[in-house]
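Undergrad: If you scroll down you'll find the structure; I have some questions about it.
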Amino acid sequence: MIKSAFGFLLLIFSTLLWADSPAVALADNPAQADSTATQPLVVVHTAVAVQSLTAAQLRSIYLKRQVIWPDGLPVQVFVLPLQSAVHKEFSQTRLKLFPYQLERNWQKLTFSGIGTPPTEVSSATDMLRLIQTTPGAIGYLPFDHETTDAKVIQIKP
C-alpha cells in the first residue's frame, strides 16, 4: 500500500515537473506562427555588447537562468503586464512558452530564494524608458513601437 502510494506521488510529481519544463514549449505550428515582421521586438540597452541571440539564449534570459551578459554586465529583465497582448505574443512567439510557464518559473525562483522575477512595467513607453536608462537591460516592444536610444537585437532560430 505504501509503495503504491509513493509510486503514485512520484508519478504526479514528475508529471508536474515535466509539464513546467521548457521542453513542453509551444509546438512550431505554422498556423500559430506569425511572421517575424509582426513579432514583438527584443530591445536592449545600448551598452549591451550583444548583436543577436538565439531563441534558446533569449529563453534562458527570461527564465532567469542567464543573469550576466557575455561582457560581465548584469542582465536586467523587464516585462509588460502578464495579461497584456504583447506579453502573451512575446512569450508564445519568441520564447515558445505559455505565459503561465514563465510566471510559474519566476514564482519558483522567488519562493525558493534563488532569484527574483523580472521587473514588470506598465506600458511599452515605460519599458523603452527603462531600457534606455538601465545598463544591461533587456525587454520587448510591439513591432511598430519606436526604439530610439535602444538597440533592437535579432533573434536567431
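Undergrad: May I ask you to evaluate 6.51 cos²θ - 1.76 cosθ + 1.60, the Karplus curve with θ = phi - 60°, for each residue of the stretch 100-113 and list the ³J(HN,Hα) values in order in whole Hz, giving x for glycine and proline?
TA: 5, 5, 4, 4, 4, 4, 5, 5, 4, 4, 5, 6, 7, x
Undergrad: At a 1.4 Å probe radius, which order do Thr93, Thr38 fall into by accessible area, largest first?
TA: Thr38, Thr93
Undergrad: Let me ask you something else. Sequence gap of 8 or more, or different chains, plus Cα separation below 17 Å: how many lysine pairs satisfy both in the stretch 35-156?
TA: Taking the Cα cut-off of 17 Å, the pair count is 4.
Undergrad: Can you quote the Å³ per residue value for the convex hull of the Cα atoms in the stretch 53-157, rounded to an integer?
TA: Given the Cα convex hull of the stretch 53-157, per-residue volume reads 101 Å³.
The values are calculated or read from the model by the stated rules, or taken from the named source; none is laboratory data. Being a predicted model, the structure only gives us computed values, none of them experimental. All accessible areas refer to the heavy atoms of the entire protein, side chains included, with ligands and DNA or RNA removed. Shrake-Rupley method; radii C 1.70, N 1.55, O 1.52, S 1.80 Å.
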